[in-house]
1. For Glu107 and Asn134 in one chain, what is 0.36 nm times their gap in residues minus the Cα-Cα distance, to one decimal in nm?
2. What residues from region 84-98 fall in the zone where the backbone N is under 19 Å from a label point 7 Å along the Cα-to-C-beta line of Asn251?
3. Report the label-to-label distance for Tyr307 and Ser202 in nanometres (one decimal), using points 7 Å from each Cα along the Cα→Cβ vector.
4. How would you rank Trp132, Trp291, going from fewest to most other Cβ atoms within 10 Å of each one's own Cβ?
5. Check cross-link reach from Lys322 to the lysines: straight Cα distance under 24 Å, and skip same-chain residues fewer than eight apart.
6. Under a point-charge model restricted to the Cβ atoms of Lys and Arg (+1) and Asp and Glu (-1), what is the dipole moment magnitude of the chain relative to its Cα centre, in debye to the nearest 20?
7. Between Glu46 and Lys342, what's the calculated FRET efficiency when r is the beta-carbon distance and R0 is 51 Å? Round to 0.05.
8. How large is the helix-only mean residue ellipticity at 222 nm for the chain, computed as the sum of -39500 (n - 2.57) over DSSP H runs with n ≥ 4, divided by its residue count, in deg cm²/dmol to the nearest 500?
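Derivation of every value follows stated rules applied to the coordinates shown; laboratory data play no part. From a predicted model like this one, the values you see are computed outputs, not experimental measurements. For neighbour counting, all protein chains shown are included, and Cβ atoms are generated from backbone atoms with ideal geometry for every residue, glycine included.
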Amino acid sequence: MTKKDGLYLDEYMPRSELVVERVCVEGPRFPVIDFHTHLGSLTDGEETEVRERIARHVDQLQAIGVEHVVNQAMRWGNELIGLLKTLAPWADFFTTFGGVDISQLDEPGFPDMVEDSLKRGVDLGMRGVKIWKNVSLGMKDRSGRHIPIDDPRLTPIWDTAARLDLPVLMHIADPVAFFRPVDRFNERFEELQHHPDWSFCSPELFEFEELMEQQERLIKNNPNTVFIIAHMGSYGENLGFVGECLDKYPNMHVDMAARLAELGRQPYTARKFFERYQDRILFATDCFPSWLEHMKYYEFLETWNEYFDYSSSGVPGQGRWKVYGIGLDDGILEKVYNLNAKRLLES
């Protein structure tokens, strides 16, 4: 295509002419616990500089209504020790979920290593476990096979977490479109063009449907372990499926991290979902403090606003659509914003 024929897709940025009432939201109606954040490189570097960065980070979060965050660190051993030491001055603000060294899966001492590692983490102040998608979508065992998330060899993690009253936050799958061919039918085409490494459409990898089967078996086979399935239970595009799982498995919860785009384009379905499962949903963003981004989460949850941007970027990263608010009642809002998280963290 030549320029005279029109625009390239990434140049097309239409401005809506729709005129509708929009309620301005400048903060959450209740204090917020963000259950899914990552401090990342904030904690790396010279001690004085790190502490100054973290202090600014905390101030920024508090300024946008966040009273507490759960840092999904995925660290263990000496790295976890160092992290918790760094965060000690803000122990009332941060809760840390650590990780497990799954690279030792095929070692004969793996179960003992898991137990020792998690017990040590608890003694240091760790309050939960975070397992990332790389287990099934990246790592391979000694035989060269990808590791299903319901692999029996991982059972020591779930058993030990249950004994120690540690909730386990799981990131198991990415958006469904990431598992589909990157072609003209893919609704996340632009995003995958910018990030080709985010595509999991490969015969060597588990298909999305296989991951959902593994996820359900994992939760079913470990009823004593509390699982928080991140990103709307891995399947924000199909809340009916997520709801069926929540109905069947009382040990399952979900967080809404990085799924505002999915939830906001299905406001009727999303509102019914939040009403029905109001005790099992955790507020989460998976992003650094940003007034603009956080206000969009609050706007979605608190108002009936129509057809607004879910992102502050020029071209929305997760798809060319707008979102709608679901106007939750205060009783549900408070549960999602903080009460559900407090119940899990204080159990």
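1. Gain on extension, Glu107 to Asn134, equals 7.8 nm.
2. Only 98 fall inside the zone, counting backbone N under 19 Å.
3. Roughly 4.1 nm, to one decimal.
4. Going from least to most buried by this count: Trp291, Trp132.
5. Those lysines meeting the cut-off are Lys272, Lys296.
6. Here the size comes out at about 300 debye.
7. Numbers: r = 35 Å, r/R0 = 0.68.
Rounded to the nearest 0.05, the efficiency is 0.90.
8. -10500 deg cm²/dmol
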